[in-house]
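J.: One structure is given below, represented as structure tokens, and several questions about it will come after.
The values are calculated or read from the model by the stated rules, or taken from the named source; none is laboratory data. Here the structure is a predicted model, which is why all the values come from computation and not from measurement. A quick note on method: Cβ atoms are made from the backbone with ideal geometry, for glycine too, and the neighbour counts reach across all protein chains shown.
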Ligand SMILES: [Ca+2]
Ligand SMILES: [Ca+2]
Ligand SMILES: [Ca+2]
């Protein structure tokens with residue numbers, strides 16, 4: 001009994017003898033905390049429930065049946081990690097009166113009204129409109145607006161006008177202003193922007209908003225690129241983050257210095273234009289000190305935030321990996 005009591009007593013006495021004078025000394029030195037303060041992180045913690053996404057491939061859902069009763073999921077559908085379909089491809093394209101599935105490789109959901117089952121989303125398809133109303137490089141809105149690829153690239157003053165595709169998109173700025181700009185695309189029309197592509201950068205600056213995006217191609221030439229398809233661009237003509245900035249130093253990302261362009265095919269951030277909030281997906285995987293696949297959600301300069309398996313598990317697909325091609329936050333409803 002004596003031994004059982006004495007050991008805790010001795011430990012307690014030692015703690016009092018060591019800890020209390022140390023604490024008093026810290027308070028005397030004007031320190032208000034007795035423990036080391038954890039470093040404050042400004043990185044947004046992204047949870048799967050905050051996101052919607054599209055896959056690289058079509059698949060059959062083996063989980064709960066989607067609300068429209070169709071178990072076949074297209075790489076053009078916008079999905080929720082809870083195993084539901086947020087919008088089918090044909091719903092996104094409803095305003096364009098297109099019944100073909102044209103794929104989905106960029107999306108930014110701006111507003112959701114669950115009661116009316118309405119949402120305002122900007123997005124880009126994998127394929128051109130068969131009737132020629134838009135290309136896979138254009139930015140589309142669910143209201144039927146089209147911002148052509150030429151306008152997105154105009155501020156980069158490339159020597160020739162070329163459609164470089166559109167692989168990821170995210171608007172930054174005040175959400176009400178972004179929505180007003182997107183509404184205006186419905187009335188302006190694609191042809192006006194093709195005639196006045198340089199108007200976009202000045203319009204965005206005037207409204208104090210921006211369009212962050214990535215292309216499918218490197219320009220103006222592969223040998224002497226101004227930007228890579230793995231760089232994050234701004235429609236005002238600047239590079240927000242090069243491929244080598246997006247990925248940690250231990251990954252050989254960026255050309256020509258580090259060796260490989262990993263691509264950039266899906267992107268989310270908040271609306272505040274802070275680079276540390278960027279999360280994205282690459283076109284190719286990497287195995288090294290930092291491992292990632294082209295289906296994972298990766299945090300800027302910091303490795304995998306959400307693995308592909310977590311995004312797709314509620315769909316119970318028969319393959320464990322479906323890729324990742326578009327990513328958006330879901331607005332708070
Ligand atoms: Ca994409
Ligand atoms: Ca596209
Ligand atoms: Ca990807």
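J.: Return yes when residue 123 is surrounded by fewer than 21 Cβ atoms within 10 Å (Cβ to Cβ), more than 21 Å from residue 293 (Cβ to Cβ) and within 15 Å of ligand 2 (Cβ to nearest atom) and no when it is not.
T.: No.
J.: Suppose we filter 128, 68 for residues that are away from ligand 1 (no atom under 16 Å from the Cβ) and surrounded by fewer than 19 Cβ atoms within 10 Å (Cβ to Cβ); which single one remains?
T.: 68
J.: For the range 94-107, how many residues are without any contact (Cβ under 8 Å) to a residue 12 or more places away in the chain and under 22 Å from the mean Cα position of the chain (by Cα)?
T.: 0
J.: Further question on the same structure: Residue check, residue 169 against (1) in contact (Cβ under 8 Å) with a residue 40 or more places away in the chain; (2) in contact with a helix residue (DSSP H, G or I) (Cβ under 6 Å, 6 or more places away or on another chain), all met but one. Which one?
T.: All conditions pass for residue 169, except number (2).
J.: What strands (runs of 3 or more DSSP E) completely inside the range 235-333 contain at least 2 residues that are within 16 Å of ligand 1 (Cβ to nearest atom) and either crowded, with 22+ Cβ neighbours inside 10 Å or in the same structural domain as residue 204 (by TED's automatic domain parsing) (or both)?
T.: Because the criterion is at least 2 residues that are within 16 Å of ligand 1 (Cβ to nearest atom) and either crowded, with 22+ Cβ neighbours inside 10 Å or in the same structural domain as residue 204 (by TED's automatic domain parsing) (or both), the strands (runs of 3 or more DSSP E) in the range 235-333 that meet it are 266-268, 279-281, 297-299, 326-329.
J.: Inside the range 123-232, counting only strands (runs of 3 or more DSSP E) that do not spill past its ends, which hold 1 or more residues that are within 16 Å of ligand 3 (Cβ to nearest atom)?
T.: Fully inside the range 123-232 and qualifying: 168-172, 210-214.
J.: Regarding residue 67, is this residue at pLDDT below 95 and in the same structural domain as residue 280 (by TED's automatic domain parsing)?
T.: The answer is yes for residue 67.
J.: Can you pull out every residue in the range 140-164 that is over 15 Å from residue 122 (Cα atoms) and in contact with a helix residue (DSSP H, G or I) (Cβ under 9 Å, 6 or more places away or on another chain)?
T.: 150, 151, 154, 155, 161, 162, 163, 164
J.: Got a sec? Which of 280, 262 is within 16 Å of ligand 3 (Cβ to nearest atom) and touching a residue at least 40 places away in the same chain (Cβ under 8 Å)?
T.: 280
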